[in-house]
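First the structure, in the form of structure tokens, and then the observations on it.
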Amino acid sequence: MERQYTKLDEARNIIDPLIKEIRDEESKRGAYVHLYGVGLLASLIALKRGYTREIAELAEIAGMLHDLLTYIDRAEDTDDHAHKCADHAREHVLKKLKGFTDEELDMIYNGIYNHSDKGVKGFWFDEIIKDADAAQHALRNPAEDHFYLKPRVQQVLNELI
Ligand SMILES: [Fe+2]
């Protein structure tokens, strides 16, 4: 069977060169680990919650993009980084995607825009990105309490394990 060219492939063809261009090795490594990690977990969480593979794909793309600008700029994880990352993603990635509907692009944009609002429960798609973000921080170092013991992490791990 021939390998399909998916929306995720289209998005990665734009995202990967942006990561590759990051000059600082530490930031580049962080970008690969965290962005791919959150993308993968977002896909898993979406499927676990019963959403379609197409939704899982959009969640994975939002996960890949949610902190991209932070790694490019080596910026601190400030309160408004989610909003800046959403605008950067729209400008440098989302606007260039051809195979997506406006509704799909809005979902990705909003998922990135709202991902820092972890203290509140929002739109279901945004919650997938928040949970994937929190879970990636916890699972990359599971014996460390700081992330692992957060209620959001405990909740999502209960769902997955
Ligand atoms: Fe993140």
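The values are calculated or read from the model by the stated rules, or taken from the named source; none is laboratory data. Note that the structure is predicted; figures quoted are calculated from it, not measured. Ideal geometry is used to build each Cβ from the backbone, glycine not excepted, and the neighbour counts take in all protein chains shown. In case anyone asks, the SASA skips ligands and DNA or RNA and just uses the protein heavy atoms, side chains included. Shrake-Rupley method; radii C 1.70, N 1.55, O 1.52, S 1.80 Å.
Summary of values
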item: Dipole axis of the range 35-77 (+1 Lys, Arg; -1 Asp, Glu on Cβ), positive-most option in Gly37, Ala59, Leu47; result: Leu47
item: The range 11-73, accessible area per residue, ligands and nucleic acids excluded (1.4 Å, Å²); result: 47
item: Length-normalised contact order for the range 118-161 - Cα pairs under 8 Å, 6+ apart - percent; result: 32
item: Relative contact order computed over the range 19-161 (Cα-Cα under 8 Å; 6+ residues apart), in percent; result: 24
item: Virtual spin-label span in nm between Asp79 and Leu40, 7 Å along Cα→Cβ; result: 3.4
item: Kirkwood hydrodynamic radius of the range 1-65, from inverse mean 1/r over distinct Cα pairs, in Å; result: 12.5
item: The range 93-161 versus the range 57-76: alpha-carbon centroid distance in Å; result: 11
item: Area projected by the alpha carbon convex hull of the range 59-161, averaged over all directions, nm²; result: 7.0
item: Protein accessible area in the chain, 1.4 Å probe - carbon and sulfur %; result: 51
item: Listed residue pairs exceeding 28 Å between alpha carbons, taken from Lys7/Lys84; Lys20/Lys98; Lys7/Lys48; Lys96/Lys121; Lys96/Lys150; result: Lys96/Lys121; Lys96/Lys150
item: Size-normalised alpha-carbon gyration radius of the range 1-135, reference 2.2 N^0.38 Å; result: 0.98
item: Heavy-atom accessible area order for Met1, Met64, largest first, 1.4 Å probe; result: Met1, Met64
item: For the range 1-117, size of Cβ-based charge dipole, Lys and Arg +1, Asp and Glu -1, in debye; result: 440
